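J.: Let me give you the structure first, and then I'll get to my questions.
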Amino acid sequence: MSILTEEPSINSSDTNTDGENTTPSQILMIEDIKKLLPHRYPFLLVDRIIDFVPNKSATGIKNVTFNEPFFQGHFPEHPIMPGVLIVEAMAQVGGIVLRHLPGMENQLSLFAGIDKVRFRRPVVPGDRLTITTELLVSRKRFGKMHGRAEVDGQLVCDGELMFSLVNL
């Protein structure tokens, strides 16, 4: 995995005496993301992971450009990123966290449900969507995360995402 910061052991959990995770965060480039997620253009909605704490959380970015294929029809005169794609981008960032859990390296995470998702403002061309997911529950075949998407520090969307894990 190529990273821009020091790479800790992917499946380890370093803790200090207070039980807090002290594992340094990582930055994953698009090449790394493509090794972890099966999505490809035009459905890969994460450009970079700017903060990754194994077994805990990830923060990714999506640079939204006017050239996105969905803007041709949503809406040509007033382009707005579809909410379902914002949720999908949150799920993809969450998938990075799930793929790094011990024993999950050969699992594919599929949507099992979404709860309490709310949209607060539109995402338009030129925005940089910052997406943070935090692992809430992890079991052998199930995962649950809280996702949050922001633009310039303003909340765009948040909610809970549930995943079913299946063998690749």
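The values are calculated or read from the model by the stated rules, or taken from the named source; none is laboratory data. This one's a predicted model, so the numbers in the text were calculated from it and none came from an experiment. With ideal geometry, Cβ positions are generated from the backbone for all residues, glycine too; neighbour counts draw on all protein chains shown.
J.: Is it the case, given these coordinates, that GLU68 is within 17 Å of the chain's Cα centre (by Cα) and either modelled with pLDDT under 95 or of a type outside the set (S, T, N, Q) (or both)?
T.: no
J.: Got a sec? Which strands (runs of 3 or more DSSP E) wholly within the range 126-168 have at least 1 residues that are at pLDDT 95 or above, among the small types (Gly, Ala, Ser) and over 14 Å from VAL97 (Cβ atoms)? Before you say what the answer is, go through the steps one by one.
T.: Values: elements: 128-138, 142-151, 154-167.
Per the criteria, 142-151, 154-167.
J.: Is one or more of the residues making up the range 142-156 out of contact with any strand residue (DSSP E or B) (no Cβ under 8 Å at 6 or more places or on another chain), over 19 Å from LEU44 (Cα atoms) and surrounded by fewer than 19 Cβ atoms within 10 Å (Cβ to Cβ)?
T.: Yes, the conditions are met somewhere in the range 142-156.
J.: How do the pairs read when you match residues in the range 33-47 that are without any contact (Cβ under 8 Å) to a residue 40 or more places away in the chain with residues anywhere that are part of a loop (DSSP other than H, G, I, E, B) and surrounded by fewer than 14 Cβ atoms within 10 Å (Cβ to Cβ), using Cβ under 9 Å and keeping only pairs 6 or more apart or on different chains?
T.: LYS34/ARG40; LYS35/MET1
J.: Would you check if ARG121 is out of contact with any Cys (no Cβ under 7 Å at 6 or more places or on another chain) and under 20 Å from ILE49 (Cα atoms)? First the steps, then the outcome.
T.: Numbers: out of contact with any Cys (no Cβ under 7 Å at 6 or more places or on another chain): yes; under 20 Å from ILE49 (Cα atoms): no.
Spelling it out, it is not the case that ARG121 is out of contact with any Cys (no Cβ under 7 Å at 6 or more places or on another chain) and under 20 Å from ILE49 (Cα atoms).
J.: How many residues are buried (at least 17 other Cβ atoms within 10 Å of the Cβ), assigned to a helix (DSSP H, G or I) and β-branched (Val, Ile, Thr) when one looks only at the range 30-53?
T.: 1
J.: For the list (1) among the β-branched types (Val, Ile, Thr); (2) surrounded by 14 or more Cβ atoms within 10 Å (Cβ to Cβ); (3) under 18 Å from ALA58 (Cβ atoms), I need the number of the one condition that VAL117 fails.
T.: The failed condition is (3).
J.: Is there any pair linking a residue in the range 73-96 that is over 16 Å from GLY143 (Cα atoms) and β-branched (Val, Ile, Thr) to one that is part of a helix (DSSP H, G or I) and at pLDDT 95 or above, with Cβ under 9 Å and at least six apart or on different chains, and which?
T.: ILE80/PHE71
J.: Only one of VAL124, VAL166 is farther than 20 Å from HIS39 by Cα, surrounded by fewer than 16 Cβ atoms within 10 Å (Cβ to Cβ) and β-branched (Val, Ile, Thr); which?
T.: Among VAL124, VAL166, only VAL124 is farther than 20 Å from HIS39 by Cα, surrounded by fewer than 16 Cβ atoms within 10 Å (Cβ to Cβ) and β-branched (Val, Ile, Thr).
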